[in-house]
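Note sheet for the following structure.
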Amino acid sequence: MDHQRSIIVLDFGGQYAHLIARRVRQCGVYSEIKDADTSAQELKNAAGIILSGGPQSVYDPKSPQGDPALFELGIPVLGICYGLQWMAKTLGGEVSQGEVKEYGKAKLHIGNRNLGIGSGLPKEMIVWMSHGDEVTLLPEGFERIGTSNNCSNAFIADIDRNFTAVQFHPEVVHTEHGQTLIENFVKTCDAAEWSIESYKDHIGEALKKEVGDRKVFMLVSGGVDSTVAFVLLNQVLGEDRVQGLYIDTGMMRKDETIQIKKAFDALGITNLRIEDASAYFLKKLAEVYEPEDKRWIIGDAFLSVQKRVSEEMNLKMEDGWMLGQGTIYPDTIETGETKNADTIKTHHNRIDAIQQMMKEGLVVEPLRELYKDEVRALGEELGLPHDLVWRHPFPGPGLGVRILCAQEPSRVSCPKSVLRHIAYAALPIKSVGVQGDGRSYRHAIALFSDEQFADEKCWELATSIPNASEDFNRVLMCTSHSTPPEFVFSPGYVSKERTEILRQADAIVHNEMGVAGLYESIWQFPVVLLPFGTSEGGLSIVLRPVESQEAMTANAVDLPKDVVAVMTQRLLALEGVDVVFQDLTHKPPGTIEWE
Ligand code: XMP
């Protein structure tokens, strides 16, 4: 979709490029992310340009470089961290390795608060830094606006040309007044107003244009994204040009299919077909063990069922039927669609066959530019009930990516615990993580203790172990045992039996979360099944509650002890469940789902 006079974030590989775009959108201006080397020609209609941070040094020959001609466009530019350094170097300044690296909190002293985007800021504020290099010589026309203890050019600007740059990260919540700073920058740009309400009209027009006189066949999972996309399509194109299909994969939550049917009935939506394909999906997954293989097979199975049903219903491509999907903006990034991003996981709606259809213009994704909370705002705007809009996200491949599969245990040596009251056990399985902006596939380590005061230490270890080790990307706390038991491995794949155990475990956890009044404060609460226990055929359960905004980063949630105790007790009472853990890993280094 063409957004005129928007603010473009050029992605130099930083983790927070998404946060920057979100913060700009919060100011009521459309913002999108583009690759660092986007040409100035392509940027000429932007209202403003923001250069993101990035992990490299500008002097590294492989570091991402922008098009220097963007500084000739007469458009306001804001550089952040690496963006500041690239701006300074490109415009004739100098960057060198700082004497001291700065990570985390720093105090910023602002000398000239009347200038540029510094206006309205206090004399001193806490900012969040993450850098080794710094600007040592300012380019011509620039002046210093603020300094921190370890960085003299922490905030600089060329007022005449409207170029501003900060070494710290105004987009993260830990930076005080960060949003004011971004708002100040946005005000200097001649940007068009944007909001979800205006987006609804805009998207409606664009959808009509994109679909033309064709019709849309849409896979609906019952999750927030596909539901909002489906209702939007219905409202914009009319029910007779839209057909929904809900596929019961056999890997859904307990009573999910019944609930979805009820919710759509209540909305008066009649063009949704419900198809039980559980036997087909489970057959396809028999003896499949690799996480990415599982994702591709599930994606393909969705497509085959959709094809079969469309044939049965006589909805042919040649008669103008196209495929609709509820893909949102962060999904496209994590599948590695932008140049500088690594593939962390292949989302079920980004498999090859679909990518091919996309190239042929046969796929419509009305939400592909939106973040989750914007999708929710749009859902409310469309009149969807609150409970449906605020459901926790649930992945397309469902419980399938929460059942860890293996033929044999994967062994790794366990580091020695240096704390007397905390024991370690290296678990015989691996899970996916995201480290240094790339995919990792490493072991999980479990901590055991019966001492209350060990708690804080365990949370520290959840960060320090993956930072220090090449072997581990996930740290768990065992909630059922205080010392490591002898683990017995149970080879297995996504079978009906294992899915049923996980379905029951998931229902217990969700029930207890509701009873404890935690549903609203937890963003998502996956429950994962591991292929080992303490008895022959026994299994383990992992609790994975997280708090997040965009799912790009997430914090593991420290659940109240009594809630964990009740969940653990109820889970251990399930046939086949021997051990319960809680996942303490943030994202990064862990991902939210294990596969
Ligand atoms: P990760 O595990 O990558 O997950 O931290 C981020 C968010 O994405 C969800 N997720 C998916 N959603 N199809 C989806 O629609 C998928 O294939 C998929 N894989 C992960 C995950 O539940 C979390 O909210």
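Assorted remarks:
- Count of the range 259-285 residues which are acidic (D, E) and under 30 Å from E497 (Cβ atoms): 2
- Taken over the range 389-407, the criterion of being surrounded by fewer than 22 Cβ atoms within 10 Å (Cβ to Cβ) and not in a loop (DSSP other than H, G, I, E, B) is satisfied by V389, A406.
- Matching residues in the range 554-595 - criterion: being part of a loop (DSSP other than H, G, I, E, B) and near the ligand (Cβ under 9 Å from one of its atoms): T591, I592, E593, W594, E595
- If only residues of the range 291-318 that are in contact (Cβ under 8 Å) with a residue 12 or more places away in the chain and not in a helix (DSSP H, G or I) are counted, the one that is surrounded by the fewest Cβ atoms within 10 Å (Cβ to Cβ) is M313.
- Note on the range 237-259: residues that are closer than 24 Å to W321 by Cβ, aliphatic (A, V, I, L, M) and touching a residue at least 40 places away in the same chain (Cβ under 8 Å) total 3.
- Screening the range 384-441 for residues that are modelled with pLDDT of 95 or more and among the charged types (D, E, K, R) and picking the one that is nearest to A263 (Cα to Cα) gives R402.
- Considering residues of the range 182-230 that are at pLDDT 90 or above and basic (K, R) only, the residue surrounded by the most Cβ atoms within 10 Å (Cβ to Cβ): K215
- Test: residue in the range 334-346 that is among the basic types (K, R), within 12 Å of the ligand (Cβ to nearest atom), at pLDDT below 90 and outside any loop (DSSP other than H, G, I, E, B): no
- Complete set of residues in the range 135-178 that are of a type in the set (A, V, I, L, M, F, W, C) and assigned to a loop (DSSP other than H, G, I, E, B): L138, F142, I159, F168, V172, V173
- Checking every residue in the range 29-41 against the condition of being of a type in the set (S, T, Y) and either surrounded by fewer than 22 Cβ atoms within 10 Å (Cβ to Cβ) or assigned to a helix (DSSP H, G or I) (or both) gives at least one match.
To keep it simple, each residue is scored yes or no on (1) assigned to a strand (DSSP E or B); (2) within 16 Å of the ligand (Cβ to nearest atom).
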| site | (1), (2) |
| --- | --- |
| S482 | no, no |
| E497 | no, no |
| L502 | no, yes |
| D506 | no, yes |
| G514 | no, no |
| L518 | no, no |
| S540 | yes, no |
| E550 | no, yes |
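The values are calculated or read from the model by the stated rules, or taken from the named source; none is laboratory data. Since this is a predicted model, take the numbers as computed values, not measurements. A quick note on method: Cβ atoms are made from the backbone with ideal geometry, for glycine too, and the neighbour counts reach across all protein chains shown.
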